[in-house]
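K.L.:
A single structure is presented below for examination.
All of the numbers you see were taken from the coordinates with simple rules; none came from a lab. Please read these numbers as outputs of a predicted model, since none were measured by experiment. Every residue, glycine among them, receives a Cβ derived from its backbone with ideal geometry; neighbour counts consider all protein chains shown.
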Amino acid sequence: MNRRLLVGIAALALLLVTAGCLGGTSSVSNDRLDAEPDGEYAWSAETDAHITVQDNGRFRAVYEMNDTSVDLYRFDGFGSRTPLPVEAVRYRYENGTVINGTELKARGGDVTQNDRITNVTLPADAGSAGKIAFSSSSSPKRFSLPVFVEGSYEVVLPADRRVDFPIFGAVRPSGYETEVVDDRVHIRWPEVTDGNVVVQFYLQRDLGIFAAVAAVSVLVGGAGILYYRRQIQALRDRRQELGLDVEDDDR
C-alpha cells in the first residue's frame, strides 16, 4: 500500500479519535445551574408539564418526574438531535424542599451535556413525586419542544399573545383547550404521549397591522387597475381619431 495513503489513513483515524474525545459528555457548570430564573417556577401546577413562555424569547419549564433522569434536546433543520441549553435548574422534593443545581450534584445527581442531548439525573434521594425545573431559550413567536414527559401539559403565553387566527397562530397536537387569564393565553392538553408540542402565536396588534396593509394593498391595486384601464381607453380613442381600425369588443 502507498505510504502516503497509510499516513493519510492514520491521520484521519487520529482526527476521529480526537474529535470523539473533545465532543464527549461534560458536566454543566454550577454557575449556569444556579442562575436565578427570570420568574417563579410553577411548582403548584396540576399538570405533568408546565411551560411559561416569556416575552424575551425564553421559557421556564416544570416537569413532574416519574424516572431517575430525563434527556432534554431539540431537533435541528436536518432532523438531528441537539442538546437543549438549560440554566437555573431546580429540583423540588415531594415535601416542598427546593434545591439548586449545586445541591443536586452534591446529592448524587448531575446535569451533563454532549453533542446530542442534555441529561438531568435526579439526586440519589429523590422521591417518586418530585419535579424538575429549568430555564432555556425559545423563538420570539414560536415555542416548540419534544415531549420529554408523558401526561398532561400546559403552555402559558406572554401577555397580549394569541393563537386563534389561522394565518398567524397554530397549535399542535390537537385536542387542546384554551383559556385567557389576565390577558395570557393558557393552552392545556389532558394527555400528550409523543411527538412535539408546538405553539405559534402573535401579538394582537399584528392583526391590525395586517388588516391595514391588506387594505392599502387593495386600494393601491384597485387604483392601478383603474389607471391602466383609463390608459387603454385613451389609446383606443386616439386610434379612432386617427382613423385606425379598432375592435369594438372589449377583450
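K.L.:
Hey, with R₀ at 25 Å, roughly what FRET efficiency would residue 183 and residue 36 work out to, going by the Cβ-Cβ distance, to 0.05?
P.N.:
Result of the calculation: an efficiency of 0.50.
K.L.:
Taking every alpha carbon pair in the range 105-162, what does the distance histogram look like in 10 angstrom bins from 0, in percent?
P.N.:
Result, from short to long distances: 14, 42, 32, 12, 1 percent.
K.L.:
In whole angstrom, note down how far apart the Cα centers of the range 77-109 and the range 116-165 are.
P.N.:
12 Å
K.L.:
Still on this model: Residue by residue through the range 141-150, what is 3J(HN,Hα) from phi via Karplus (6.51 cos²θ - 1.76 cosθ + 1.60, θ = phi - 60°)? Round to whole Hz and write x for glycine and proline.
P.N.:
Listing the rounded values in order: 10, 8, 10, 8, 8, x, 7, 7, 10, 6 Hz.
K.L.:
Three principal axis extents, largest first, for the C-alpha atoms of the range 34-188, in Å?
P.N.:
48, 38, 28
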